[in-house]
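Step one of this worksheet: look at the structure below.
FYI, it's all coordinate maths here, none of it is from the lab. The model shown is predicted, which means the values in this text are computed figures rather than measured ones. Cβ atoms come from the backbone with ideal geometry, glycine included; neighbour counts cover every protein chain shown.
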Amino acid sequence: MLPNPPGRFTGRVESYRRHRPRYPAGIVDLLRRECGLSGDVEVADVAAGTGLLAEIFLAAGLAVTAIEPNAEMRAACSELERVYPTLRCISGTAEDTGLPDRSVDLITVAQAMHWFDLERARAEFTRVLKPGGWCAVIYNNRHEGGDAFHEAYEQFLLEFGIDYVSVKRQHVGRKRLARFFAPEQMKCAVLPNSQVLTREGLEGRILSSSYVPRPGDERFHEMQSELRNLFEKHQSGGAVTVEYDCVVCHGQLA
C-alpha cells in the first residue's frame, strides 16, 4: 500500500467535491433489484470522501452513515446533512469503522478499495453487516484510449503524475475483488458515465487526484500550461467530455 492514503487528499477537497465525476443514480435501483433491498435500509458508505456516492442513496430516501478518515473530506460531506437529515458522518476507516456489530444492510465503497488493507477490511465489513447483508464496490473507470483526447489525457498523467503508475498498479481489479467476496459469488454491472468539463473543470478534475503536483510544487506551472494546451487542442464548444465505465461489483460476505 502507498503511505498515508487519507493525507494524500488534504488540500484537494474543494477540487474533489466540485470536479470529480458523480455516480449514476441507477446504481440505487440496480442494488435494490440485485440485493433485494427494501424498506428501511441502513447504508454504510466507507471512505465516503465528500459524499459523492452517498448523495445518490440519500436522494433515494435511504439512511447513510458516511465513514471518512480525512477531516477536511468529512467536513465537506457533513454539509449534506443540511439537505439530507438521514445522513450521519463519522470518523473511521475501512479497517476500523466504529460501527456496532451487525448494524448495516449495505456497505458501499466508491473509488477507494485500493487504499485498504483488504484482509482487515473484509473482517470489519463482515462484523458490521447484518445477516444477509451486502457489499458493493464501485469504480468510475476512466477511458484511457479510444480517441485522441482520452489518449492525450492518459499520456499527460503519465508525464506529470508523481506516482500515477504506482496508484494504477494498486487498483483492485475484478480478480482481486472476486477473491475479496469469495467463497460467495460476486456480480458486476457496468453503467455508462461521463463528465462535460470546461477548462476550469478539467483543471479541477486533475487537481483532485492524489498523484499530481500541487500549487507550489516544482512542476506545477509546467503541468498547468500543458493541461491548458491539451484542453485547447481537444475542446469543442468550450468543453471536453471525459468518458467512464461505472463498474458496480456486489455480493455478500460469508
- Item | Intensity falloff of the chain expressed as log10 I(q)/I(0), Debye formula with alpha-carbon point scatterers, at q = 0.08, 0.11, 0.14, 0.15 Å⁻¹ | -0.31, -0.59, -0.96, -1.10
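List the GluC sites (Glu not before Pro) within region 198-254 that fall in a DSSP loop (any state other than H, G, I, E or B) and whose Cβ has at most 15 other Cβ atoms within 10 Å.
Sparse-neighbourhood loop GluC sites (Glu not before Pro): Glu218.
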- Task: Could you please state, rounded to a whole Å, how far the C-alpha centre of region 25-91 is from the C-alpha centre of region 136-215?
- Result: 21
- Query: Got the relative contact order for region 6-251 handy, in percent, Cα pairs under 8 Å and 6 or more residues apart?
  - Reply: 22
- Message: Using a Gaussian network model on the chain with a 10 Å cutoff between Cα atoms, which of Ala148, Ala54, Ala239 fluctuates the most?
- Response: Ala148
- Query: If the cut-off is 20 Å between C-alpha atoms, which lysines fall inside it for Lys187, apart from same-chain ones fewer than 8 positions away?
  - Reply: Lys130, Lys175
